[in-house]
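Trainee: What follows is a structure written as structure tokens; I'll ask about it next.
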Amino acid sequence: MSIVELRLLGAPELMYKGIPQHFSRRRSLALIAVLALTGRPILRERLLLMFWPDLGPKEAHAALRRDLHDLVKLVGRGCVKIDRSSISLPQDGTFWIDVMDFIEVNHTGEPLFGETGPLTDEIERLQRGSALYRGDFMEGFTLRDSAEFDDWQLFWEDTLRIQFSDLLTRLIRCCMSVGNITKAAEYALKPVELDPLDEDMQQRAIKLLVEAGFPQRAEQQYEDFLRILENEIGETPNPALKSCIEDIRSDRNSRAPNYPPYVLLLKGDFIKNQTTPMEIERSISFYKEALLIDSSYAPAWAALADSYAGMCIPGPCNVRLQKWDALAEEAAMQALSLEPRLSAAHAVLGQLRMERDYCFNEAEQHFLHCLELDPNDFVGLTMWSQGLCYLSRFTEAIALAERAYTISPLNRFAAFNLSVVYGLAGRVADGFSILDEYKRFNPEVIDAYARGYILCSRSGDYDAGIRVLHNAQEAIHPSVSSYIVRLHSLSGEEEEAWKEYQRLLKAAESTLIPAYNLALAQVSLDLYDQALDNLSLSAKNWNTEVLSIGIEPAWDTVRSRKRFHDVVEYIGLNNL
């Protein structure tokens, strides 16, 4: 297991034993990057020429010693090999470096196509490589007065970007060959994010968006590209691309009926209920189309706000994104400026105040106003029932969650929400009953978090919870391992808990694992300082699950610590 993790794809990050490390000197970060990617000892004189070309020998050697001291303080002396003539990093697995993993994934010599089309392993391998590429090499990092390092950094940036483009091309072909055009379109958009002036990539992305059923998104992509061309280089798109978009518009106009805004609103609502990011994005296109027809149609603004709020939480990671938060608030405020009595807009603002701003007083005002205007507003009922649980107001939370379930008993989220609220309030048997009843209508529902963790951990049936979580782990997200660690710890299976924790750390090498999930696993293993580091980080990164720390028994062992109280105060729960 690697002790040190170095991520250079995207903004540079260094982790030592799972804890983020911060450099006091920028050259220390540049130094470890060069050592990591060189993979062999580098002469001290070579490093002096790269990083301190304008200093004399004595001053340059002193500067190198300072940066090495800084580096050793972060990762430990055993993680840096230093002798009188050269410096290197160990090649024994002590370091995990995302760049090296990305290169290995990208160059694994598996055939792309077999007799039956793309291999499943090939698709999974390429997806793993895509996940590793968080952004361009050392994105946002610069170093003054070191031209040779600048050239080195630019070489790696160009090399890795070319490799990433090649990887995406192969991944797109794989997705298309198995008929998954939606995924192909998602991956087609990534190259144009890196190089928006690449017209061939733009044209491919636009065509795939149309094939995947997103014509409005394709047109928006084209309009964005036009603005970039005009603003940056003062040119117009090539004839092939212009012809492509004209064909798309012609075909769309010939087939599309002239829907009134309320029909477009219903179409968007229907698609949004599928809750995947791409489907929510499709719903956004319908709401925008409705507003193009009638910009004063307040329900479309409210629905748009709700979709943006849904994009804030991509899948199981529960990490809010500022970009979508801002758009959600803007659309909700626009809806209320047109129709102040629109309950759905207040529900969105309540969600933002609670999960983004950590302001429960303002959140409660919006939720109460929402439910005063419409006592059956589903989002208001479910979201505020969660908020009331965070505040330990379980009687009120149960009343709202039960009303949402009564209104929509076949809605998966209504059943999930009520079972969780019951579990948190200590009514475990009722929580199991709700999930069992819902499964009669939808046997494929994944209720791993509600059943496997919330209910089983409180009923004491830890083995059953571990089985449920293991069965759903692949289908949901690797962060599920944190709950498995907790259950193993509760059942006294410390060895199994540590094994699961190692799996969680391994998954974090290529997948976004929220800081809260790392913290939960660490506090379960009595790694209190690491747990509090990640708990603080989770609050600052808007991991919504951090709001549950007041009612999560795992944190009982550190409740008396000042650092825990600081987090509690930061997220607005200091009255508990």
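Trainee: Hey, any hits in segment 419-428 for a residue that's basic (Lys, Arg), surrounded by 16 or more Cβ atoms within 10 Å (Cβ to Cβ) and modelled with pLDDT of 80 or more?
Mentor: Within segment 419-428, the subset basic (Lys, Arg) is 427.
Imposing the further condition that a residue be surrounded by 16 or more Cβ atoms within 10 Å (Cβ to Cβ) reduces the set to 427.
If we keep only those that are modelled with pLDDT of 80 or more too, we end up with 427.
Within segment 419-428 (the criterion being basic (Lys, Arg), surrounded by 16 or more Cβ atoms within 10 Å (Cβ to Cβ) and modelled with pLDDT of 80 or more), the answer is yes, since at least one residue qualifies.
Trainee: Still on this model: If you check every pair at least six apart or on different chains, which have Cβ atoms under 6 Å apart with a residue in segment 299-311 that is crowded, with 24+ Cβ neighbours inside 10 Å first and a residue that is of a type outside the set (D, E, K, R) and not in a helix (DSSP H, G or I) second?
Mentor: ALA302/LEU342
Trainee: Before we move on, is VAL485 at pLDDT 90 or above and hydrophobic (A, V, I, L, M, F, W, C)? Before the answer, list the steps.
Mentor: Details: at pLDDT 90 or above: yes; hydrophobic (A, V, I, L, M, F, W, C): yes.
It is true that VAL485 is at pLDDT 90 or above and hydrophobic (A, V, I, L, M, F, W, C).
Trainee: OK, next. Restricting to helices (runs of 4 or more DSSP H) lying wholly in segment 326-392: which have 1 or more residues that are over 26 Å from LEU424 (Cα atoms) and out of contact with any Asp or Glu (no Cβ under 6 Å at 6 or more places or on another chain)?
Mentor: Working: elements: 343-355, 360-373, 378-390.
Filter on segment 326-392 gives 343-355, 360-373.
Trainee: A further question on this structure: Evaluate segment 496-513: report whether one residue or more is crowded, with 17+ Cβ neighbours inside 10 Å, in contact with a Phe, Trp or Tyr (Cβ under 7 Å, 6 or more places away or on another chain), assigned to a helix (DSSP H, G or I) and in contact (Cβ under 8 Å) with a residue 24 or more places away in the chain.
Mentor: Checked against the condition, which is being crowded, with 17+ Cβ neighbours inside 10 Å, in contact with a Phe, Trp or Tyr (Cβ under 7 Å, 6 or more places away or on another chain), assigned to a helix (DSSP H, G or I) and in contact (Cβ under 8 Å) with a residue 24 or more places away in the chain, segment 496-513 yields no hits at all.
Trainee: Quick check: is even one residue across segment 539-546 in a loop (DSSP other than H, G, I, E, B) and of a type outside the set (Val, Ile, Thr)?
Mentor: yes
Trainee: TYR528 fails exactly one of the following numbered conditions: (1) within 23 Å of PHE413 (Cα to Cα); (2) of a type in the set (Ser, Thr, Tyr); (3) modelled with pLDDT of 85 or more. What is the number of that condition?
Mentor: (1)
Trainee: Same structure, new question: With segment 1-104 as the region, which strands (runs of 3 or more DSSP E) entirely inside it contain at least 1 residues that are under 30 Å from LEU126 (Cβ atoms), free of Cβ contacts under 8 Å to residues at least 60 places away in the same chain and touching a Pro at 6+ places or on another chain (Cβ under 8 Å)?
Mentor: Filter on segment 1-104 gives 13-16.
Trainee: Working carefully through the options SER548, SER538, find the one that is of a type in the set (Ser, Thr, Tyr), in contact with a helix residue (DSSP H, G or I) (Cβ under 8 Å, 6 or more places away or on another chain), surrounded by 16 or more Cβ atoms within 10 Å (Cβ to Cβ) and more than 26 Å from GLN21 (Cα to Cα). Show your work before the answer.
Mentor: Working: SER538 fails: more than 26 Å from GLN21 (Cα to Cα).
It is SER548.
The values are calculated or read from the model by the stated rules, or taken from the named source; none is laboratory data. As the structure is a prediction and not an experimental result, all values here were calculated from the model. Glycine gets a Cβ as well: all are built from the backbone with ideal geometry, and neighbour counts include every protein chain shown.
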